[in-house]
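Bear in mind these aren't lab numbers, they're just calculated from the coordinates by the rules spelled out. Being a predicted model, the structure only gives us computed values, none of them experimental. Virtual Cβ from ideal backbone geometry, glycine too; neighbours counted across all protein chains shown.
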Amino acid sequence: MRLLPAFLIALFPATALAAEQGGMPQFQFGNPLTISQVVWMVVIFLALYAVLARWALPGVGAVLEERARRISADLDAAKVAKAEADRAVAELAAATRAARAEAQAEIAAATAAAREAAAREAATLNARLEGDLKEAEARISAARSQAMGALREVACEAAGAMITRLTGRPARAGTLARAIEVSLARASHD
């Protein structure tokens, strides 16, 4: 009792009694003050429960239901948006594939057209070169024939002059011409 101040003993005599008995005053149900406190606590709890159940909890329930409805609506909207996005991605992929295939076809067509043009140009060029080659061969052949004719003359004159100088008498033209023909024929075969 010495530990409790005097004003607490005056206000709460049950506390002083509990302190003297050595237990906790909250658990001494033999005390009329404790019983009245428990009764009032039950009454206040029931009143608070009635107030909460009647006005506060329905509002909280409505908020929770509205929140669940919004979440559900948002999830449905997200599913729809995802389906639209997936469809758009599929359309984009199909358009990309179609564009790629069209580009490949155009490249193949351009390549084939370029090859055809190159083949036509090569054929035209080959034909022109073939004509030029035949014309050049004809000119060479004519020049060779002309040169061989002139060579025969020069060879006959030179051979006749050498024979005349060496032997002192002129050579026979027919024999000299046959010998030069034979000699030129051998030279053209070698």
Just need log10 I(q)/I(0) for the range 110-151 at q = 0.18 Å⁻¹, Debye formula, equal scatterers on the alpha-carbon atoms, no solvent, rounded to two decimals.
-0.61
Using θ = phi - 60° and Karplus 6.51 cos²θ - 1.76 cosθ + 1.60, couplings along the range 105-119 (whole Hz; Gly, Pro as x):
5, 5, 5, 5, 5, 5, 5, 5, 5, 5, 5, 4, 4, 5, 5
Compactness relative to 2.2 N^0.38 Å, alpha carbon Rg of the range 31-185:
3.97
Distance between the range 22-101 and the range 104-134 - C-alpha centres, whole angstrom:
81
When the charge dipole of the range 72-190 is computed with +1 on Lys and Arg Cβ and -1 on Asp and Glu Cβ about the Cα centre, the Cα farthest towards its positive end, among 114, 88, 151, belongs to 151
Total formal charge among the other residues, if their Cβ is under 13 angstrom from that of residue 108, Lys/Arg +1 and Asp/Glu -1:
-1
